[in-house]
Amino acid sequence: MGKKIRLTTAQALVKFLNQQYIHVDGEEFPFVEGVFNIFGHGNVLGIGQALEQEAGHLKVIQGKNEQGMALAAVAYSKQMLRRKIYAVTTSVGPGSANLVTAAGTALANNIPVLFLPGDTFATRQPDPVLQQVEQEYSAAITTNDALKPVSRYWDRVTRPEQLMSSLIRAFEVMTNSATAGPVTVAISQDVEGEAYDYDEAFFKKRVHYLDRKAPVEREIQGAVELIKASKKPLILVGGGAKYSGAREILMELSKKHHIPLVETQAGKSTVEATFKNNLGGMGVTGTLSANKAAKQADLIIGIGTRYTDFATSSKTAFDFDQAKFLNINVSRMQSYKLDAFQVVADAKTTLEQLAPLLEGYVSEFGDIISELKAEWLNERSRLANVEFKRESFDPEIKGHFSQEVLNEYADALGTELAQTTALLAVNEAVDPDSNVITSAGSLPGDMQRIWNPAVPNTYSVEYGYSCMGYEISGALGIKLAEPEKEVYSFVGDGSFLMLHSELVTSIQYNQKINVVLFDNSGFGCINNLQMGNGMGTYFTEFRTHDNQIMNIDYAKVAEGYGAKVYRVNTASELKAAIEDAKKQTVSTLIEIKVLPKTMTEGYENWWHVGNAEVSESPSIQKAYEENSKMLEKAKQY
Ligand SMILES: Cc1ncc(C[n+]2csc(CCOP(=O)(O)OP(=O)(O)O)c2C)c(N)n1
Ligand SMILES: O=C1C[C@@H](O)[C@H](O)[C@@H](O)C1=O
Ligand SMILES: [Mg+2]
């Protein structure tokens, strides 16, 4: 037997984390960058003690809300293309419960993060301890069981020696591109501090290889046949294409064979918006150009995409009578979607192998790609120049609010600015290599349609879970990943109110983020959704008990934390604020008052939502009928 080293479980954990490396395309670097923490009695004397004693290369960062710091870890890993992670340690009970939303976000987006919540006593001697839920039907259930449905691997460590097999499994899952996702290793509070004679070999440097899985001959031949037989193939660029680093080969294939590219939220900015064949986002929140191209396509080459209802317009985006599907995905489960021909392999490797076999092939899209792109760019210019009128304003979201109500908003918020105009003013004003992030509300739709990233991998919208609160938390993660660049967090007033605690952490650790807050005094997109489906405006505006529109001074909140703040309600004030914010070293917040109903609306798309089948309202009955008609046209599965 080899040499032994006596450590507590938590000390062994920290020592092990320091020794995990990843190897990608010939480069090797530590996989765990640091540890976010909020200490409580469930982890301070165990993991806290171990980190205090010897953190090694790990950066230790104090979070302000478990969900917030965990979302920062998700965004960090996403920006690092899943090649580096932060671990997240929490106390027991509410501390670990606060991780559930973040774990769901990581899972829906296939992002590796290591969650280390404390667990109840293994000995059960002091039970029930403070914050122990004490489930009556089973003593084995703890709050951490709530993390099982949102973890790709879950384990509870109740003896020090279990840590070894548990961690090896955890790192195998996180560093495998087909299974990458959140991992939970919950360690009993008493066991964190218990000592054990660990084999020294457990702590040797471990390299996890992120090898690129190559397609087999049958897969390549099948893919080539499908492409050569198609007249109008379309490439749907998903997150997997970005993580695989497929930009150059995508552009080469697209140019050579005249195949348009359209993007999912996760795939956007794999290839910059300025690329001539990039028609932008597709689906419910897609562009007119991408959605028109999708309807014409007879072969959809889905690369690293989950085909969510947003990307496929609830399975109405394509002409299913003629379109075939070719899916390239490291996940076999994902590759089966839409009855596709499956290539279960790395995106970049597969496309590189396809390239020489497609020589001479040209699609029949002809000038259609450039015409569609030009048409969309015109529409985008129109959206940049929307002007409010007090007598007859026709907003993007039509027929919901009367002129009187729109004027009431303009007066209450002191603004005449449209959201699309504001967003495009920001797009023009920021440095092109800046990173941008958002996740919930109306902003992700606007971003997917009209934000043009000029530099690859600068667009990080989380739309797998669309988690309110990710925006500001995630901006901190992106800053940690790419400290040399500015990061802009686009956040609605609703999301800001839900969670912005890590703005404080960004200031505390001198990690400058820029929060661009769009205040329309309400849950705007949900108001659109309900009114667009025949309901009235019901609990989605921020109105007081006596029906006054709330005008909240969010800038003052951020100022209280120490951020540099700006209050703007015209496009020129906004541009000036962006310029000044660039000069700051501290985090900034730009509060923009925008009019409701001025976000972008759908472009030849449909979203299957759960309308009421029976109701007393004729407008709801009508919405139900219209949706049922659309459903008849949709692919059933
Ligand atoms: C954690 C979470 N809770 C609820 C939702 C549902 N939801 C989606 S958008 C939204 C309102 C967003 O309001 P705001 O941030 O002001 O954005 P707006 O739509 O006004 O642009 C809600 C409640 C969600 N996505 N995430
Ligand atoms: O319910 C929702 C509707 C979407 O428009 C929005 O972007 C998303 O955040 C959401 O949760
Ligand atoms: Mg809002």
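The values are calculated or read from the model by the stated rules, or taken from the named source; none is laboratory data. Everything numeric here is computed off the predicted structure, so don't read it as measured data. No Cβ is skipped: glycine too gets one built from the backbone with ideal geometry, and neighbour counts run over all protein chains shown.
Based on what the data block shows, is Gln342 in a strand (DSSP E or B) and in contact with an Asp or Glu (Cβ under 9 Å, 6 or more places away or on another chain)? First the steps, then the outcome.
Working: in a strand (DSSP E or B): yes; in contact with an Asp or Glu (Cβ under 9 Å, 6 or more places away or on another chain): yes.
Yes.
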For segment 545-559, does any single residue satisfy the condition of being under 16 Å from Leu406 (Cβ atoms), away from ligand 2 (no atom under 16 Å from the Cβ), surrounded by 14 or more Cβ atoms within 10 Å (Cβ to Cβ) and among the hydrophobic types (A, V, I, L, M, F, W, C)?
yes
Restricting attention to segment 536-559, which residues are within 15 Å of ligand 1 (Cβ to nearest atom), assigned to a loop (DSSP other than H, G, I, E, B) and under 29 Å from Gly610 (Cα atoms)?
Thr537, Tyr538, Phe539, Thr540, Phe542
If you check every pair at least six apart or on different chains, which have Cβ atoms under 9 Å apart with a residue in segment 266-293 that is in the same structural domain as Ser244 (by TED's automatic domain parsing) first and a residue that is of a type in the set (Lys, Arg) and in a loop (DSSP other than H, G, I, E, B) second?
Ala266/Arg306; Gly280/Lys268; Gly281/Lys268; Ala293/Lys232
With the structure loaded, tell me whether Leu497 is away from ligand 2 (no atom under 15 Å from the Cβ) and more than 15 Å from the chain's Cα centre (by Cα) or whether it fails that test.
no
What are the residues in segment 428-446 that are hydrophobic (A, V, I, L, M, F, W, C) and within 11 Å of ligand 1 (Cβ to nearest atom), if any?
Ala440, Leu443
Breaking point among (1) over 24 Å from Ile397 (Cβ atoms); (2) outside the structural domain of Val491 (by TED's automatic domain parsing); (3) touching a Ser or Thr at 6+ places or on another chain (Cβ under 8 Å), for Tyr624:
(1)
Kindly list, by first and then second residue, each pair from a residue in segment 509-530 that is assigned to a strand (DSSP E or B) to a residue that is among the basic types (Lys, Arg) and within 16 Å of ligand 2 (Cβ to nearest atom), limited to pairs with Cβ atoms under 7 Å and residues at least 6 apart or on different chains.
none
Please work out which residue is surrounded by the most Cβ atoms within 10 Å (Cβ to Cβ), limiting yourself to segment 532-544 and to residues that are within 13 Å of ligand 2 (Cβ to nearest atom) and under 18 Å from Leu443 (Cα atoms).
Thr540
Does at least one position in segment 594-617 carry a residue that is buried (at least 18 other Cβ atoms within 10 Å of the Cβ), polar (S, T, N, Q) and away from ligand 2 (no atom under 16 Å from the Cβ)?
no
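Can you find, within segment 310-335, the residue that is surrounded by the fewest Cβ atoms within 10 Å (Cβ to Cβ) among those that are in a strand (DSSP E or B) and within 22 Å of the chain's Cα centre (by Cα)? Spell out the reasoning first.
Residues of segment 310-335 in a strand (DSSP E or B): 324-328.
From what's left, within 22 Å of the chain's Cα centre (by Cα): 327-328.
On the way: Asn327: 28, Ile328: 33.
Across segment 310-335, the extreme among qualifying residues is Asn327.
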Long-range neighbours under 7 Å by Cβ, at least six apart or interchain, first residue at positive phi and at pLDDT 95 or above within segment 423-443, second within 16 Å of ligand 3 (Cβ to nearest atom) and among the small types (Gly, Ala, Ser):
Gly441/Gly492; Gly441/Gly494; Gly441/Ser495; Gly441/Gly524
For segment 454-487, which positions are more than 14 Å from ligand 1 (Cβ to nearest atom) and either surrounded by fewer than 24 Cβ atoms within 10 Å (Cβ to Cβ) or modelled with pLDDT under 95 (or both)?
Ala454, Val455, Pro456, Asn457, Ala481, Glu482, Pro483, Glu484, Lys485, Glu486
Could you list, in sequence order, all residues of segment 452-481 that are under 26 Å from Ala311 (Cα atoms), without any contact (Cβ under 8 Å) to a residue 60 or more places away in the chain and either among the polar types (S, T, N, Q) or away from ligand 3 (no atom under 16 Å from the Cβ) (or both)?
Ser466
Just for segment 482-533: of the residues that are of a type in the set (Gly, Ala, Ser) and in contact with a strand residue (DSSP E or B) (Cβ under 6 Å, 6 or more places away or on another chain), which one is farthest from ligand 3 (Cβ to nearest atom)?
Ser489
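Among the residues in segment 299-318, are any away from ligand 1 (no atom under 16 Å from the Cβ) and of a type in the set (Asp, Glu)? Show your work before the answer.
Step one: list which residues in segment 299-318 are away from ligand 1 (no atom under 16 Å from the Cβ), which gives 299-307, 311-318.
Next, from what is left, pick out any that are of a type in the set (Asp, Glu): none.
Checked against the condition, which is being away from ligand 1 (no atom under 16 Å from the Cβ) and of a type in the set (Asp, Glu), segment 299-318 yields no hits at all.
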Go through (1) within 19 Å of Ser335 (Cα to Cα); (2) in contact with a Lys or Arg (Cβ under 6 Å, 6 or more places away or on another chain) for Thr270 and report which single condition fails.
(1)
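Is segment 444-453 home to any residue that is away from ligand 2 (no atom under 16 Å from the Cβ) and closer than 30 Å to Met251 by Cα? Spell out how you get there, then give the answer.
Here is the first cut: in segment 444-453, the ones away from ligand 2 (no atom under 16 Å from the Cβ) are 452-453.
Among the residues that remain, those that are also closer than 30 Å to Met251 by Cα are: 452-453.
Yes; the residues of segment 444-453 include at least one that is away from ligand 2 (no atom under 16 Å from the Cβ) and closer than 30 Å to Met251 by Cα.
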